[in-house]
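Below is one structure, written out as C-alpha cells, with a few remarks after it.
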C-alpha cells in the first residue's frame with residue numbers, strides 16, 4: 001500500500017489519556033465471556049478423554065439421555081463431516097477433530113462428547129453417565145521421541161510435500177532456508193560453539209477461561225457470544241463445522257480477559273451451538289481452569305541444536321540451527337517460524353536454519369505471542385553469550401557489530417527496509433542499567449529478539465453524530481488497549497478530542513470481515529484503517545463546507561478540526577468546526593460516515609533488546625530477577641502507556657516461561673499439573689519493576705509509522721534470563737524452565 | 001522479468017534451482033507463473049506463502065504490483081499470536 005501522507009508531528013498521538021474501558025472494568029460492569037445469560041438457557045459440559053491416545057470403540061449415552069435434567073447430548077456425529085484436504089479445509093478438519101474427537105482420542109483432555117442440562121451441576125453429573133469404551137494405544141509426548149522410528153503414529157498421511165523421504169509420519173512439515181556456505185564460515189571462525197537446548201510447553205495463561213453462549217435454530221440461523229481474539233474466524237469456523245452458512249451466524253465478542261494468541265481459534269463454541277441446535281435452547285459453556293490447561297493450546301515444546309562460529313573480534317562467520325517443535329496431535333507447530341526468526345537480528349554471510357513440525361499426543365498447540373520465536377532466540381542468544389564469555393567480548397558490542405540494519409540480507413532471505421535493531425542496542429548500551437555494578441552472586445544477561453508483525457484483512461467504519469462526536473466501529477477485539485489507540489488516531493485526523501470518540505468492537509453482522517487480533521496487527525492494520533476511514537469522513541466534511549461556502553471542494557482543507565479555505569484564491573471564510581457541519585448534516589446531504597476495507601501489507605518487522613539481572617540462591621536453586629529493562633522499537637507509540645504495558649507483559653510472561661512454567665506429563669501421558677497451584681505463573685511478588693525504553697524508528701508502511709509491539713516483547717526474555725542465570729550460577733543453562741531443581745542439578749553437575 | 005528467490009527447502013521441487021525467472025506484474029501473476037514454470041510448486045503455494053518485494057513482506061495479497069527489477073523472495077506464510 002503506497003503511503004504518500006506520512007505524518008510525523010502529532011497533537012493527540014503519543015499522549016497518555018485514560019483508558020476508555022477503565023470504569024467498566026474496575027466497577028465490574030464489563031461483560032466477559034461468562035457474564036451473559038439468556039431466557040431458557042441450558043448449561044453445557046464436555047466429557048474428555050482420560051487417555052493420551054486411544055481408539056474410541058463405543059460411546060453409550062443412553063443413561064445420560066434418560067436423565068430428566070439432560071436436554072441434549074452431542075458427539076462427533078453431530079458435526080459436519082468436512083473431508084480432509086490440504087489448505088483451509090484441512091485446517092477446518094484439524095479444528096473439528098480437536099473440538100470433538102473422531103475415531104481416536106489423541107491426547108489427555110480431548111473432547112469425546114458433550115451434554116446440555118438445566119444446570120451446570122446437572123450437566124457435569126450427566127457426564128458420569130456416559131460410558132465410553134476405549135482401546136488404549138501407545139502414546140508419545142516428547143518431541144525427540146515422537147521422531148524416532150518406533151514412535152506410535154498419531155495420524156498417517158498428515159505430512160505435506162515438504163517432509164523429506166524416510167522421516168517418521170509424525171514429522172508433518174519441514175522448513176529449510178538460509179544463504180552462503182556455513183561450512184566455509186565455520187572453518188573461518190576462531191571459535192565455534194555447538195550446543196543443544198530444550199524448552200517445555202507453556203500455556204498463554206490468560207486469566208479468563210474460555211466461555212460462550214450459543215443459540216442455533218433448526219433454520220440454520222444462530223447467535224454466538226464468546227471470548228475470542230477474532231469473532232469472524234469463530235463465525236467462519238463454527239459455520240463450517242456445523243454445516244451452516246457463514247452469514248447466518250452472528251458472533252459478538254465479549255470483553256476479553258487475556259488471549260496472547262490462545263483465543264485465535266475455537267474450542268467450546270461449536271459444541272455449544274451443536275447442543276443448542278439439538279435442544280432448541282440457548283446453551284452456555286464455561287471451561288474450568290483444568291480444561292483450559294488440558295484441552296486448549298499451549299505453546300510448542302522444542303528441542304534445538306545451534307552452532308555458531310565467531311572471529312576473535314566478535315564477527316559471526318557462520319550460524320546454523322535445527323529446531324524441532326511438537327505441536328500436539330495436529331500439524332501446526334511453528335518450526336518454520338522458529339527457523340526464520342532465530343538468526344533474524346544478525347547480518348550474516350553464512351546461515352542455515354531447519355525447522356520441523358512434529359505431532360505428539362498433546363493438545364493442539366495454539367499461537368502464543370510471536371509463536372516459535374522465543375524458543376529459537378533462547379538457543380541462539382545463549383550460544384552467542386557463551387561465545388562472548390569465551391572470547392572476552394562485551395555482549396552488547398558483539399550484537400552491535402553483527403546487528404542487521406537497513407540493507408542487510410535477512411537470514412530468512414529478503415533485504416531489510418528501515419529497521420530499528422541498532423537503535424535498541426545503542427539505547428541498551430547507554431542505559432544506566434547496563435553500567436550498574438552487580439552484587440556477588442548476580443549475573444547479567446542480554447538478548448535481542450525479532451518478530452515479523454502482520455497486516456491482515458481489516459474493516460473499519462466511523463460515523464459522526466450531530467453534536468460533533470464520533471463513533472468508531474472496529475472488528476479487532478481489544479486485547480491490548482486498542483480502543484484507546486484507535487480513538488487517538490481518529491482524533492488526530494478529525495481534530496476532535498479523544499474523549500469525544502467512542503470505539504466499539506462491532507459484531508460480525510455490523511461490519512465487514514476482520515482477521516483475528518494476532519500478529520501484533522491491530523494498532524498497525526486497524527489503526528491504518530481507522531486513519532483512512534477518518535480521512536474518508538473528512539473528505540465529506542470538506543465537501544459540505546465547500547457547498548456552504550459556494551467554492552470548489554479542492555479549495556477546502558481540514559485543519560485542527562475545522563474546514564478552512566485552502567489558499568488565497570479560495571475566499572475569506574472563518575474556519576468551520578466539525579460540529580457546525582454535522583449539526584445540519586441530515587438536511588445538507590445526509591449522515592456523514594467514513595469507511596475503509598483492505599488488507600494492509602506494510603507491517604514493519606520489529607526488534608527488541610532486553611537487559612536482565614538475576615540472582616541464584618545456591619542452596620535452594622531459586623532464581624530472583626532483580627532488575628529488568630526492555631528496549632523495543634515501536635515505530636511510533638500511539639499510546640505510550642499501553643506500549644510500555646505490552647513490553648512489561650512480554651517480560652513478565654517470559655520470566656514465567658524461563659523460570660517456572662511447564663507442562664508436566666506422567667508416564668501415562670496425562671498432564672500432571674492442570675491447575676494454577678501446580679502450574680506456576682509469576683505473581684506480582686515474583687517480578688521486579690520492569691523498566692521500559694520505547695525506541696521509535698518509523699515503519700515506512702504506516703501513515704503514522706506504527707510497528708506492532710505485542711509480540712516482539714516475549715522473544716528476548718527466555719534467552720536474556722537464561723544468560724543472566726547462567727552468568728550468575730557459573731554454568732550454562734540449556735533447558736527451560738530453570739526451576740530450582742534444575743538449577744540445583746546443574747550446580748551439582750558443575751561441581 | 002523478475003527473479004524469484006525460493007527458500008532452500010523448495011529446491012527439491014525445482015530441479016535444484018533456488019532462483020526462478022518469471023514474467024509477472026503482480027503477486028498473483030507471480031504465483032501463477034511460478035507454477036507454470038515448476039508445477040510442483042503448487043503444493044507449497046496452496047499450503048500458504050508470503051512474498052517479499054524489496055524487503056516488504058506481502059502476507060496474502062495477490063494484487064500487489066511488482067516493479068521491474070524488484071528483489072522478490074517467496075516465504076512461508078507468516079502466522080502470529
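The values are calculated or read from the model by the stated rules, or taken from the named source; none is laboratory data. Since the model is a prediction, treat every value here as computed from it, not as a measurement. In this analysis, Cβ positions are derived from the backbone assuming ideal geometry, glycine residues included, and neighbour counts consider all displayed protein chains.
Checking the condition within 12 Å of chain A (Cβ to nearest Cβ), without any contact (Cβ under 8 Å) to a residue 60 or more places away in the chain, in a loop (DSSP other than H, G, I, E, B) and surrounded by 17 or more Cβ atoms within 10 Å (Cβ to Cβ), which residue from B:78, B:62 passes?
One residue alone meets the criteria, B:78.
Looking only at the range A:512-522, which residues are within 11 Å of another protein chain (Cβ to nearest Cβ), assigned to a loop (DSSP other than H, G, I, E, B) and in contact with a helix residue (DSSP H, G or I) (Cβ under 6 Å, 6 or more places away or on another chain)?
Residue satisfying the conditions is A:516 alone.
Quick check: is even one residue across the range A:409-432 within 14 Å of chain B (Cβ to nearest Cβ) and touching a helix residue (DSSP H, G or I) at 6+ places or on another chain (Cβ under 6 Å)?
Within the range A:409-432, one or more residues are within 14 Å of chain B (Cβ to nearest Cβ) and touching a helix residue (DSSP H, G or I) at 6+ places or on another chain (Cβ under 6 Å).
How many residues are surrounded by fewer than 21 Cβ atoms within 10 Å (Cβ to Cβ) and either in a loop (DSSP other than H, G, I, E, B) or within 14 Å of chain B (Cβ to nearest Cβ) (or both) when one looks only at the range A:140-150?
Taking the range A:140-150 and keeping what is surrounded by fewer than 21 Cβ atoms within 10 Å (Cβ to Cβ), we get A:142, A:144-145, A:147-150.
Applying the additional criterion that residues be either in a loop (DSSP other than H, G, I, E, B) or within 14 Å of chain B (Cβ to nearest Cβ) (or both) yields A:142, A:147-150.
Number satisfying all stated conditions: 5.
With out of contact with any strand residue (DSSP E or B) (no Cβ under 6 Å at 6 or more places or on another chain) and touching a residue at least 24 places away in the same chain (Cβ under 8 Å) as the only criterion, which of A:208, A:176, A:165, A:200 stands out?
Details: A:176 fails: out of contact with any strand residue (DSSP E or B) (no Cβ under 6 Å at 6 or more places or on another chain); A:165 fails: touching a residue at least 24 places away in the same chain (Cβ under 8 Å); A:200 fails: out of contact with any strand residue (DSSP E or B) (no Cβ under 6 Å at 6 or more places or on another chain).
Going through A:208, A:176, A:165, A:200 in turn, the sole match is A:208.
With over 38 Å from the mean Cα position of the chain (by Cα) and not in a loop (DSSP other than H, G, I, E, B) as the only criterion, which of A:543, A:597 stands out?
Working: A:597 fails: over 38 Å from the mean Cα position of the chain (by Cα).
Testing whether each residue is over 38 Å from the mean Cα position of the chain (by Cα) and not in a loop (DSSP other than H, G, I, E, B) leaves just A:543.
Considering only residues that are in a loop (DSSP other than H, G, I, E, B), within 26 Å of residue A:615 (Cβ to Cβ) and under 23 Å from the mean Cα position of the chain (by Cα), which ones fall in the range A:665-690?
The answer is A:676, A:679, A:680, A:681, A:682, A:683, A:687.
Only one of A:321, A:258, A:328, A:262 is in a loop (DSSP other than H, G, I, E, B), within 14 Å of chain B (Cβ to nearest Cβ) and under 24 Å from residue A:142 (Cα atoms). Can you tell me which?
Going through A:321, A:258, A:328, A:262 in turn, the sole match is A:262.
Residues of the range A:725-748 being under 21 Å from residue A:305 (Cα atoms) and either assigned to a loop (DSSP other than H, G, I, E, B) or without any contact (Cβ under 8 Å) to a residue 60 or more places away in the chain (or both), which ones?
Within the range A:725-748, A:731, A:732, A:733, A:734, A:736, A:737, A:738, A:746 qualify.
Of A:298, A:282, A:270, which residue is touching a residue at least 60 places away in the same chain (Cβ under 8 Å) and within 14 Å of chain B (Cβ to nearest Cβ)?
None of the others qualify; the one that does is A:298.
Can you name the residue in the range A:370-407 that is within 30 Å of residue A:668 (Cα to Cα) and in a loop (DSSP other than H, G, I, E, B) and, of all such residues, is farthest from the other protein chains (Cβ to nearest Cβ)?
My answer is A:372.
Please tell me if residue A:468 is touching a helix residue (DSSP H, G or I) at 6+ places or on another chain (Cβ under 9 Å), farther than 30 Å from residue A:33 by Cα, at pLDDT 95 or above and assigned to a loop (DSSP other than H, G, I, E, B).
Criteria met by residue A:468.
Filter the range B:42-59 down to residues that are under 25 Å from residue A:357 (Cα atoms) and more than 7 Å from every other protein chain (Cβ to nearest Cβ), then give me how many there are.
Selection size over the range B:42-59: 6.
For the range B:6-41, give me each residue that is within 12 Å of chain A (Cβ to nearest Cβ) and crowded, with 20+ Cβ neighbours inside 10 Å.
B:6, B:7, B:9, B:10, B:27, B:41
Taking the condition surrounded by fewer than 24 Cβ atoms within 10 Å (Cβ to Cβ) and closer than 24 Å to residue A:24 by Cα, does residue A:245 pass?
Judged against the criteria, residue A:245 is not a match.
Assess whether residue A:213 counts as being farther than 26 Å from residue A:658 by Cβ and assigned to a helix (DSSP H, G or I). Break it down stepwise before answering.
Details: farther than 26 Å from residue A:658 by Cβ: yes; assigned to a helix (DSSP H, G or I): no.
So residue A:213 does not fit the description; no.
Just one of the numbered conditions (1) without any contact (Cβ under 8 Å) to a residue 40 or more places away in the chain; (2) part of a helix (DSSP H, G or I); (3) within 23 Å of the chain's Cα centre (by Cα) is not true of residue A:525; which one?
(1)
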